[in-house]
């Protein structure tokens, strides 16, 4: 049992954002992101070659243009909206809450220092990713533990992909934004290389190796991103009383030529109109806060792909961001963790 005199604080971690949409800042951000071995999981020398010779000389310019389309006078939407969520959570919990980014600013070390200066001795680490993946949760938690100040201890909130609080927040958010006319609700999740899935399978014989593996019970599901996003989609659809024929799941944001999780969102959107789906609504529950992948890749590129293929209307459902219902839900999850720490 831990001492009840401990002071608990909360470290929210999101993925990150460049300091500005300028090419130099985007290049620096992408370099930090892609050199993470949890993201590009190849030996360091090969990773450095791929990143420095084949990605950074070309990709930052295109990415900077994309960031420029969504940048606001206040700054990066991901940072602004994440900070709004942290501020509301602080008000709701009445406890220290610090925001940090795995890549870029504010750095995880800085967020931990803010908590330390507030007298926090027990940190509840809250990765703002609903689903397990080494490239999001593992790398964020490892970085937090590595930068933990002396005298502070860290515990991690578990992935909340099927937490009722998360389901309700997304369900009500989708209900609010669904247009009167829609043919299909598409859940588009950030993609993942297939090898990331099989690598985290503790049985080494389940994920992507058994028929219908996501629906066959296995200990692998605890760390299986694909299974978890399928559960999220199913639970939200059930909450909204949407039949299986009215929603689908796809994966966006793939990079390179290696096999990624399928089906690919851009291909699904391109095929939908020929299948009689003329009015689509898209939600992105891999994310809590809107970002480049939701606002530009999905809201701009995705809409263009769908309409050019013959679609008639495209509705992007915003993320749950700092919605009051989600703030209440996330606060409840944090308090559950705090109560467990006090046992």
Original post:
Within the range 194-215, can one find any residue that is under 20 Å from residue 308 (Cβ atoms), part of a loop (DSSP other than H, G, I, E, B) and not assigned by TED's automatic domain parsing to the domain that holds residue 38?
Top reply: no
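Filter the range 239-258 down to the residues that are surrounded by 13 or more Cβ atoms within 10 Å (Cβ to Cβ) and part of a helix (DSSP H, G or I) and list them by number.
If the condition is that a residue be surrounded by 13 or more Cβ atoms within 10 Å (Cβ to Cβ) and part of a helix (DSSP H, G or I), then 239, 240, 246 are the ones that fit.
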Subject >> The listed residue being assigned to a helix (DSSP H, G or I), more than 18 Å from the chain's Cα centre (by Cα) and closer than 21 Å to residue 178 by Cα, out of 268, 229 >> reply: 268
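Residues are listed down the side, and each one gets a yes or a no for (1) more than 27 Å from residue 301 (Cβ to Cβ); (2) modelled with pLDDT under 95; (3) surrounded by 14 or more Cβ atoms within 10 Å (Cβ to Cβ); (4) under 19 Å from the mean Cα position of the chain (by Cα):
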{"site": "25", "(1), (2), (3), (4)": "no, no, yes, no"}
{"site": "28", "(1), (2), (3), (4)": "no, no, yes, no"}
{"site": "33", "(1), (2), (3), (4)": "no, no, yes, yes"}
{"site": "37", "(1), (2), (3), (4)": "yes, no, no, yes"}
{"site": "63", "(1), (2), (3), (4)": "no, no, yes, yes"}
{"site": "97", "(1), (2), (3), (4)": "yes, no, yes, no"}
{"site": "103", "(1), (2), (3), (4)": "no, no, yes, yes"}
{"site": "116", "(1), (2), (3), (4)": "yes, no, yes, no"}
{"site": "121", "(1), (2), (3), (4)": "yes, no, yes, no"}
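Here are some residues: 39, 23. Which one is closer than 22 Å to residue 133 by Cα, in contact with a helix residue (DSSP H, G or I) (Cβ under 6 Å, 6 or more places away or on another chain) and touching a residue at least 40 places away in the same chain (Cβ under 8 Å)?
Within the list 39, 23, the selection yields 39.
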Subject >> Test: residue in the range 293-304 that is over 22 Å from the mean Cα position of the chain (by Cα), modelled with pLDDT of 95 or more, within 27 Å of residue 15 (Cα to Cα) and not assigned by TED's automatic domain parsing to the domain that holds residue 58 >> reply: yes
Subject >> Qualifying positions in the range 144-167 - part of a helix (DSSP H, G or I), more than 17 Å from the chain's Cα centre (by Cα) and surrounded by 17 or more Cβ atoms within 10 Å (Cβ to Cβ) >> reply: 144
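Yes/no matrix, rows are residues, columns are (1) at positive phi; (2) in contact with a helix residue (DSSP H, G or I) (Cβ under 7 Å, 6 or more places away or on another chain); (3) without any contact (Cβ under 8 Å) to a residue 60 or more places away in the chain; (4) not assigned by TED's automatic domain parsing to the domain that holds residue 336:
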| position | (1), (2), (3), (4) |
| --- | --- |
| 29 | no, no, no, no |
| 50 | no, no, yes, no |
| 57 | no, no, yes, no |
| 62 | no, no, yes, no |
| 71 | no, no, yes, no |
| 86 | no, no, no, no |
| 98 | no, yes, no, no |
| 106 | no, no, yes, no |
**OP:** Evaluate the range 318-329: report whether one residue or more is under 20 Å from the mean Cα position of the chain (by Cα), touching a residue at least 12 places away in the same chain (Cβ under 8 Å) and at positive phi.
**Re:** yes
Subject >> Single condition residue 131 does not satisfy, out of (1) within 18 Å of the chain's Cα centre (by Cα); (2) in a helix (DSSP H, G or I); (3) over 30 Å from residue 278 (Cβ atoms) >> reply: (2)
Original post:
Taking the condition touching a strand residue (DSSP E or B) at 6+ places or on another chain (Cβ under 8 Å), buried (at least 21 other Cβ atoms within 10 Å of the Cβ) and farther than 17 Å from residue 65 by Cβ, does residue 317 pass?
Top reply: yes
Original post:
Can you spot a residue in the range 177-193 that is in contact (Cβ under 8 Å) with a residue 24 or more places away in the chain, part of a helix (DSSP H, G or I), closer than 20 Å to residue 247 by Cβ and touching a strand residue (DSSP E or B) at 6+ places or on another chain (Cβ under 8 Å)?
Top reply: yes
**OP:** Could you tell me whether any residue of the range 218-238 is surrounded by fewer than 17 Cβ atoms within 10 Å (Cβ to Cβ) and under 20 Å from residue 170 (Cβ atoms)?
**Re:** yes
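The values are calculated or read from the model by the stated rules, or taken from the named source; none is laboratory data. Only a predicted model underlies this, so the values are computations on that prediction, with no experimental measurement involved. Quick reminder, even Gly has a Cβ in these numbers, built from the backbone with ideal geometry, and neighbours come from all protein chains shown.
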